[in-house]
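Here's the structure, in structure tokens; my notes come after.
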Amino acid sequence: MTETRFKPPALCHRCLFENASDAIWFYDRNGHIVYANRASAELTGYTRTELKQKNLKDLLTTASEYDQIMDINSRIASGEEVKMPYEQKIRRHDGSIAVLRMATTLVKSADEVLGFQNIARDITEEIRRQQNMKSFVQDVIRAQEAERKRISRELHDEVAPLLLLLMQKIDNLSKQSERDIADCKPQLDALRSQSEEALESLRRIAQDLRPRILDDLGLIPALEWLTEKLAQDGQIHAESSIKGREVELTAEIQLLVFRIAQEAFNNIRKHSLATWVRLELEFKPKTILLTIQDNGKGFNLSEQTDNLAQNGKLGLAGMHERAQLIGGHIHILTHPGQGTTVIAEVPTVSTDIKQAS
């Protein structure tokens, strides 16, 4: 009954409607499709005649999606502002799933709502490419962490003992008769001093690659150690605090949260000119919240997350990627002269992480 009240597009617009590259269809208040252009048929795999016999329910993948669209339509009809475009899945005639970027507008006659118009673009391949790229980046991060652990272990287990042995031999030579080594004792002392420096540098590098405290004691002691280290190395007043009831976290979540904090501290040390830093780890029922705040010089953050790496902000991009790897996200609050706050929120349980250790 409502279908007869829809009028086809006027002749001056009909050519645009029919030949548009985007799918366009009209449907009444009950979701029955009234008109559809050629692109709609190509997108869905149904003929235009078949589409006119369809309800939106027939195209959607779940009943809840139909309820969501009806809710959007109700809000549009009431004059409420609705964010456009939005993403929507549909099931094609062949059973495959397509992801659409869609915008919905109201169709009225005088003050009466007749139905709605959808303009949709198929972004299935775009989404697939994004997912493939995300998967590639995640695999790179996992491989990087595995390589860090391997190198750290080899430095600790193979190179450090050799340096210790060298220092012992130097000590043994130094204990010989001063008459025998009087001429070379200054050189031996200098050699031992250099060996101590080399051993200390090796331990520091191994710690930065893969802190043993993280594997041995867990995330909280590792973050406290990281905060103390920042204060010692950077002459910055740094403090840490823990809120909420601690929950058990997987090794992967602990590692990647630690890496986010480590990268944030590296940025503070290198670029911020901060004099104080505060790290807070808060345990919530289903998530953990890591907040790192400094009083440094701040910066302009106008780039989208996807553009951070392209614009040289590799540290920030790495934090975002690591958060996404465990199903979390990063918020960065900053402004020139007003310091920077990094907030990472990640779930306490993640089931889709491959081993990163």
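Would you confirm whether any residue within region 123-143 is touching a Pro at 6+ places or on another chain (Cβ under 9 Å) and under 30 Å from HIS320 (Cα atoms)?
Initially, region 123-143 is screened for residues touching a Pro at 6+ places or on another chain (Cβ under 9 Å), giving none.
No, there is no match, as no residue in region 123-143 is touching a Pro at 6+ places or on another chain (Cβ under 9 Å) and under 30 Å from HIS320 (Cα atoms).
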Exercise. Kindly indicate the residue of region 306-352 that is modelled with pLDDT of 90 or more and of a type in the set (A, V, I, L, M) and also nearest to ARG142 (Cα to Cα) among those meeting that condition.
Key: VAL346
Quiz item: Does ARG75 satisfy being out of contact with any Ser or Thr (no Cβ under 8 Å at 6 or more places or on another chain), within 17 Å of ILE119 (Cα to Cα) and either part of a helix (DSSP H, G or I) or not aliphatic (A, V, I, L, M) (or both)?
Solution: no
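So, GLU228, is that one among the acidic types (Asp, Glu), over 23 Å from the mean Cα position of the chain (by Cα) and at negative phi or not? Show your work before the answer.
Values: among the acidic types (Asp, Glu): yes; over 23 Å from the mean Cα position of the chain (by Cα): yes; at negative phi: yes.
So GLU228 passes the test.
I'm trying to understand the selection: among the residues of region 41-57, which are within 21 Å of ASP67 (Cα to Cα) and within 36 Å of the chain's Cα centre (by Cα)?
Our first condition is that a residue be within 21 Å of ASP67 (Cα to Cα); within region 41-57, this holds for 44, 51-57.
Across region 41-57, the qualifying residues are THR44, LEU56, LYS57.
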Exercise. From ILE90, ILE119, grab the single residue that is among the hydrophobic types (A, V, I, L, M, F, W, C), touching a residue at least 24 places away in the same chain (Cβ under 8 Å) and more than 16 Å from VAL34 (Cβ to Cβ).
Key: ILE90
Practice problem: Out of GLU280, GLU228, report the one residue that is at pLDDT 90 or above and either loosely packed, with under 14 Cβ neighbours inside 10 Å or assigned by TED's automatic domain parsing to the domain that holds LYS149 (or both). | Solution: GLU228
Exercise. Taking only region 257-277 into account, find how many residues are over 13 Å from LEU226 (Cβ atoms) and touching an Asp or Glu at 6+ places or on another chain (Cβ under 8 Å).
Key: 3
Exercise. Can you give me the number of residues within region 9-56 that are in contact with a Gly (Cβ under 6 Å, 6 or more places away or on another chain) and basic (Lys, Arg)?
Key: 1
Quiz item: All but one of (1) touching a helix residue (DSSP H, G or I) at 6+ places or on another chain (Cβ under 7 Å); (2) closer than 13 Å to ILE343 by Cα hold for THR291; which doesn't?
Solution: (1)
Quiz item: Consider GLU81 against the criteria (1) modelled with pLDDT under 90; (2) surrounded by 15 or more Cβ atoms within 10 Å (Cβ to Cβ); (3) outside any helix (DSSP H, G or I): it satisfies all of them except one. Which criterion is unmet?
Solution: (2)
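Being among the charged types (D, E, K, R) and either in contact with a His (Cβ under 7 Å, 6 or more places away or on another chain) or in a helix (DSSP H, G or I) (or both) is the filter here; which residues of region 239-298 pass it?
Here is the first cut: in region 239-298, the residues among the charged types (D, E, K, R) are 239, 243, 245-246, 248, 252, 259, 263, 269-270, 278, 280, 282, 284, 286, 294, 297.
Within region 239-298, GLU252, ARG259, GLU263, ARG269, LYS270 qualify.
Do you know which residues across region 316-333 are more than 21 Å from SER135 (Cα to Cα) and either of a type in the set (A, V, I, L, M) or crowded, with 19+ Cβ neighbours inside 10 Å (or both)? It would help to see each step written out before you state the result.
Of region 316-333, the ones more than 21 Å from SER135 (Cα to Cα) are 331-333.
The answer is ILE332, LEU333.
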Practice problem: Go through (1) assigned to a helix (DSSP H, G or I); (2) without any contact (Cβ under 8 Å) to a residue 40 or more places away in the chain; (3) farther than 27 Å from GLY337 by Cα one by one and return the number of the condition LYS229 breaks. | Solution: (3)
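Say whether the condition of being under 18 Å from PRO347 (Cβ atoms) and touching a residue at least 12 places away in the same chain (Cβ under 8 Å) is met by at least one residue in region 198-218. Walk me through how you get there before you give the answer.
From region 198-218, those under 18 Å from PRO347 (Cβ atoms) are 218; that's our starting set.
Filter again for touching a residue at least 12 places away in the same chain (Cβ under 8 Å), leaving 218.
Yes - at least one qualifying residue is present in region 198-218.
Quick check on region 142-161. Is at least one of its residues modelled with pLDDT of 75 or more, outside the structural domain of VAL247 (by TED's automatic domain parsing) and in a helix (DSSP H, G or I)? Full working, then the answer.
Step one: of region 142-161, the residues modelled with pLDDT of 75 or more are 161.
With outside the structural domain of VAL247 (by TED's automatic domain parsing) added as a condition, the list becomes 161.
Those still in the list that are in a helix (DSSP H, G or I) too: 161.
Taking every residue of region 142-161 in turn, at least one turns out to be modelled with pLDDT of 75 or more, outside the structural domain of VAL247 (by TED's automatic domain parsing) and in a helix (DSSP H, G or I).
The values are calculated or read from the model by the stated rules, or taken from the named source; none is laboratory data. The structure presented is a predicted model; accordingly, all values stated were derived computationally and were not measured. Backbone-built Cβ (ideal geometry, glycine too); neighbour counts: all protein chains shown.
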